[in-house]
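Visitor: Dropping the structure in here first, questions after.
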Protein chains: 2
Amino acid sequence: MHYAEGRKTACEDVFPEQFAHCSDLNTTFFIERMIQAEKPDLVVFTGDNIYGADTTDPVASLDAAFGPAVSSNIPWAAVLGNHDQESTLSREGVMKHIVGMEHTLSQLNPFGVDVIDGFGNYNLEVHGIEGSDSENKSVLNLYFLDSGDYSTVPSIPGYGWIKPSQQFWFQQTSMKLQKKSKTPGLAYFHIPLPEYASFDSSNFTGVKQEGISSASVNSGFFTTLVEAGDVKAVFTGHDHINDFCGELTGIHLCYAGGFGYHAYGKAGWSRRARVVVVSLEKKSNGLVKGLQNIDSSHVRPDNRLPKNFMSLVLVYQKPFIWVRHC
Amino acid sequence: MHYAEGRKTACEDVFPEQFAHCSDLNTTFFIERMIQAEKPDLVVFTGDNIYGADTTDPVASLDAAFGPAVSSNIPWAAVLGNHDQESTLSREGVMKHIVGMEHTLSQLNPFGVDVIDGFGNYNLEVHGIEGSDSENKSVLNLYFLDSGDYSTVPSIPGYGWIKPSQQFWFQQTSMKLQKKSKTPGLAYFHIPLPEYASFDSSNFTGVKQEGISSASVNSGFFTTLVEAGDVKAVFTGHDHINDFCGELTGIHLCYAGGFGYHAYGKAGWSRRARVVVVSLEKKSNGLVKGLQNIDSSHVRPDNRLPKNFMSLVLVYQKPFIWVRHC
């Protein structure tokens, strides 16, 4: 979202005639309309929720950024990007504030794990339909990780990465969950893995308009994901004008396109979000069999121009997940 | 060493006229002479110690392979390669047998760590000169890791890799050791990291005569090493006819060339080993200041042809480390 100070914060990369009436509030109203249109079961924000450098009151910015999710009464989850901590709150401070907000399922870090890098590493289990035989078991596992901000190692330039402690936690968690049942998973974090650069137009769906801004090193998380075997798709933010998905070794690596108006983008290329629709299979006796399909192919672009913040513009950005019970 | 059944086990890749008199015993005698010539303080074997597929009695093979190290009374350490378990002993069984041998400093796995992949992950602290102020502190930290054998993930072909659990252990250990003092480290394991492929003749020293047989995926251990910051050099085996060292982001990535005669090699290109010489700096008052230099540039080739196993041929293979106190 790159949220800063609401109405006073200007949009970036819109057409010249749109600047005068465009602000963070366009982002706000567009989330609201997005939620109204999609009626999702869970909203996931993949980091750079606020643009720390442009706010003097990060708590107010966080409250405003997530406001529409909070007031929708729909569960929501968030991870950190590389810009969230660039004001007066540390990464821990930002994540602690998020965790304390209403209706969020976000967690600071996993319970019972002594050592883990970053803040906002956690997992959620999505149970099946109430009253069905899948009511008390997970039909979909969601993993959220903190992909860091910037390298703190002098010899490694650029962005952060997912560290061994986090990968170890992920692997142990995935193993524990898979012992219970072979439930598929999805992973959400901010900075794309180096493997996102494996695709060209011949093997991805969507749009690639900029390079892959991964860490300058490979920290092995893609290998860890492949070995764990349960994660079917990864959703990241970070590169605003890419919205493609490509499949590598059985894992879909997906962007969603940028969502916030106070974030770089491309005038004329709508802000957008990815909608994930998960459907359950019914057995012949009418009982739920298990997960039938995860459809992550749907990116919803803004279908109106941001004339002013009161207009009925639909803007979708960070991945939305919609668990549709059928 | 690729040790099998001693005298009955033929050599590979020697000149035709050498076959008749060449066996595993050439390997044995050459270690003996190597130890006599170098008088090392520690001998490190970097895996494929035995060639499991060619022995029916892996215990006898292990005893024979490490025999010269054991009878030298010099401390020695070993890690597993990808061939050690190819007989009737599992990787755990092989490592347990090694750990029980005389004069070895090898360990099955680190004490107090509940979950770790592989067998033979451990670290050693090399203390300074007796009677000096460095007597009770480590002047050099050695890390040993099990780089696995083969991928067990159907979608990933090829060799194994160092897993998140091992990297987490390494990172925690390195951090603990560095809190005590900024002591440099060396790491030993069998399968080279994908980053070994970063070099060409313009930026390595030594010989490259074959490709880099890493895992087909990058599991991030190089990144973990760079982030930890203490490991100055990595020594691997696996690719017998490479003996080069190259530096990447401050870490020397080194091969040593093949050592064993029952292992592929190249006729006319001597079996060999790397000698690491570590020297301490003296303060003006005569006390030891700390580590002055780690010289890993020395690869000792066999300087005689293996006419028969009784000849005085010096064969050096796996990295030898010599902590020279001055």
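The values are calculated or read from the model by the stated rules, or taken from the named source; none is laboratory data. Values in this document were obtained by computation on a predicted structure and should not be read as measured data. Backbone-built Cβ (ideal geometry, glycine too); neighbour counts: all protein chains shown. The accessibility values were calculated without ligands, DNA or RNA, using every heavy atom of the protein model including side chains. Shrake-Rupley method; radii C 1.70, N 1.55, O 1.52, S 1.80 Å.
Visitor: What percent antiparallel are the DSSP beta bridges of segment B:6-324, to the nearest 5?
Guide: Given both bridge residues lie in segment B:6-324, the antiparallel proportion sits at roughly 60 percent.
Visitor: Distances from B:Ala53 to the same residue in each other copy, label points 7 Å out along Cα→Cβ, in nm, shortest first?
Guide: Between copies, matching label points for B:Ala53 lie 5.6 nm apart.
Visitor: Now for a different question. Using a label position 7 Å from Cα in the Cα→Cβ direction, what is the ascending list of nm distances from A:Ser284 to the same site in the other copies?
Guide: Here the equivalent label points are 9.4 nm apart from this one.
Visitor: If amide H atoms are built 1.01 Å from N in the plane of the peptide, which residues on other chains or at least 5 residues away come under 5 Å of the amide H of B:Glu86?
Guide: It is B:Gly52, B:Ala53, by chain and number.
Visitor: I'd like the accessible area for B:Ile156, computed on protein heavy atoms only with a 1.4 Å probe and all protein chains in place. Round to 10 Å², please.
Guide: Counting only protein heavy atoms, B:Ile156 exposes about 10 Å² to solvent.
Visitor: Percent relative contact order of chain B, based on C-alpha pairs within less than 8 angstrom and at least six residues apart?
Guide: This gives 21 percent for chain B.
Visitor: Rounded to whole Hz and in sequence order, give me ³J(HN,Hα) for segment B:5-19 from the Karplus expression 6.51 cos²θ - 1.76 cosθ + 1.60, θ = phi - 60°, writing x for Gly and Pro.
Guide: 10, x, 4, 7, 9, 6, 7, 10, 6, 10, 5, x, 6, 8, 4
Visitor: Starting from the exponent 0.38 and prefactor 2.2 Å, build the expected Rg for segment B:6-324 from its residue count and divide its actual Cα Rg by it.
Guide: 0.96
Visitor: Next question. Just to confirm my numbers, what's the Cα centroid distance between segment A:74-142 and segment A:213-228 in Å?
Guide: 21
Visitor: With a Förster radius of 41 Å, plug the Cβ-Cβ distance of B:Glu102 and B:Val153 into 1/(1 + (r/R0)^6) and report the FRET value to the nearest 0.05.
Guide: 0.60
Visitor: Sticking with this structure for a sec: Out of residues 5 or more away from A:Tyr159 or on other chains, whose amide H comes under 5 Å of its own, with H placed 1.01 Å from N in the peptide plane?
Guide: Excluding prolines and chain starts, which carry no amide H, the hits are A:Ser151, A:Ser216.
Visitor: Could you check the simple spin-label distance between B:Glu210 and A:Ser202, using points 7 Å along Cα→Cβ, in nm with one decimal?
Guide: 3.1
Visitor: Further question: Counting only other residues whose beta carbon sits under 10 Å from that of A:Ser72, what net charge do I get with K and R as +1, D and E as -1?
Guide: It works out to a net charge of 0.
Visitor: With the cut-off at 26 Å, tell me which of the pairs B:Lys208/B:Lys282; A:Lys39/A:Lys232; B:Lys96/B:Lys266; B:Lys163/B:Lys232; A:Lys96/A:Lys137; B:Lys39/B:Lys282 have Cα atoms farther apart than that.
Guide: Over 26 Å apart, Cα to Cα: B:Lys208/B:Lys282; B:Lys96/B:Lys266; A:Lys96/A:Lys137.
Visitor: Right, something else. Can you give the accessible area of A:Thr205, probe radius 1.4 Å, in Å² rounded to 10?
Guide: Roughly 110 Å² of A:Thr205 is accessible to a 1.4 Å probe.
Visitor: Reachable aspartates and glutamates from B:Lys8, Cα under 19 Å, same-chain residues fewer than 8 places away excluded?
Guide: By straight Cα distance, B:Lys8 reaches B:Glu17, B:Asp24, B:Asp48, B:Asp54, B:Asp57, B:Asp63, B:Asp84, B:Glu86.
Visitor: A further question follows. Given the peptides A:209-219, A:40-50, arrange them by the average over their residues of other C-beta atoms within 10 Å, most packed first.
Guide: Going from most to least packed, we get A:40-50, A:209-219.
Visitor: Quote the relative contact order of segment A:1-133 in percent (integer), defining contacts as alpha-carbon pairs under 8 Å separated by 6+ residues.
Guide: Averaging sequence separation for qualifying contacts and normalising by length gives 22 percent for segment A:1-133.
Visitor: Tell me, what HN-Hα J-couplings in whole Hz come from the Karplus equation 6.51 cos²θ - 1.76 cosθ + 1.60 at θ = phi - 60° for each residue of segment A:154-170, using x for Gly and Pro?
Guide: Using θ = phi - 60°, the values come out as x, 7, 10, x, x, 6, x, 8, 7, 8, x, 4, 6, 5, 5, 4, 4 Hz.
Visitor: Let me ask something additional. Please give the average number of partner chain Cβ atoms lying within 10 Å of the Cβ of each residue in A:154-163, rounded to a whole number.
Guide: 3
Visitor: Would you work out the relative contact order for segment B:81-145, in percent, from Cα pairs under 8 angstrom that are 6 or more residues apart?
Guide: Reported relative contact order: 22 percent.
Visitor: Can you send over the solvent-accessible area of A:Glu32, 1.4 Å probe, protein chains only, in Å² to the nearest 10?
Guide: 70
Visitor: Determine the calculated [θ] at 222 nm for the protein assembly as shown from helices alone, applying -39500 (n - 2.57) to every DSSP H run no shorter than 4 residues and normalising by the residue count; nearest 500 deg cm²/dmol.
Guide: Calculated mean residue ellipticity at 222 nm is -6000 deg cm²/dmol.
Visitor: Another question, then. Please give the FRET efficiency for A:His127 paired with A:Glu247, using the beta carbon to beta carbon distance and R0 = 25 Å, rounded to the nearest 0.05.
Guide: About 0.35, to the nearest 0.05.
Visitor: Can you list the copy-to-copy distances for A:Val115, using a point 7 angstrom from Cα toward Cβ, in nanometres, shortest first?
Guide: Label point to label point, same position, other copies: 1.5 nm.
Visitor: Could you derive backbone 3J(HN,Hα) for segment B:36-50 from the dihedral phi with the Karplus parameters 6.51, -1.76 and 1.60 (θ = phi - 60°), listing whole Hz in sequence and x where the residue is Gly or Pro?
Guide: Once rounded to whole Hz, the list reads 4, 6, 8, 6, x, 8, 7, 10, 10, 9, 9, x, 6, 5, 10.
Visitor: Additional query: Mind checking the mean number of beta-carbon atoms from other chains within 10 Å of the Cβ atoms in A:223-234?
Guide: That average works out to 3.
Visitor: Further question: With a 1.4 Å probe and all protein chains kept in place, how do A:Lys180, B:Lys163 rank by accessible area, largest first?
Guide: My answer, sorted largest first, is A:Lys180, B:Lys163.
Visitor: With respect to the symmetry axis carrying chain A onto chain B, which residue of chain A exhibits the smallest Cβ distance to that axis, and what is the value in whole Å?
Guide: Axis relating chain A to chain B; nearest Cβ residue and distance: A:Gly220, 1.
Visitor: A follow-up question, please. What is the list of residues in segment B:78-114 whose amide nitrogen lies under 16 Å from a point 7 angstrom out from the Cα of B:Asp41, following Cα to Cβ?
Guide: Answer for this model: B:105.
Visitor: Which FRET efficiency, nearest 0.05, do B:Glu135 and A:Thr56 yield, Cβ-Cβ r, R0 60 Å?
Guide: E between B:Glu135 and A:Thr56, to the nearest 0.05, is 0.60.
Visitor: Search the structure for amide H atoms under 5 Å from the amide H of B:Lys282, placed 1.01 Å from N in the peptide plane, and list their residues when 5 or more places away or on another chain.
Guide: Distant-sequence amide H within range of B:Lys282: B:Lys289.
Visitor: Then there is this: Determine which aspartates and glutamates satisfy two conditions relative to A:Lys180: a Cα distance under 19 Å, and not lying fewer than 8 residues away in the same chain.
Guide: By straight Cα distance, A:Lys180 reaches A:Glu125, A:Asp133, A:Glu135, A:Glu227, A:Asp230.
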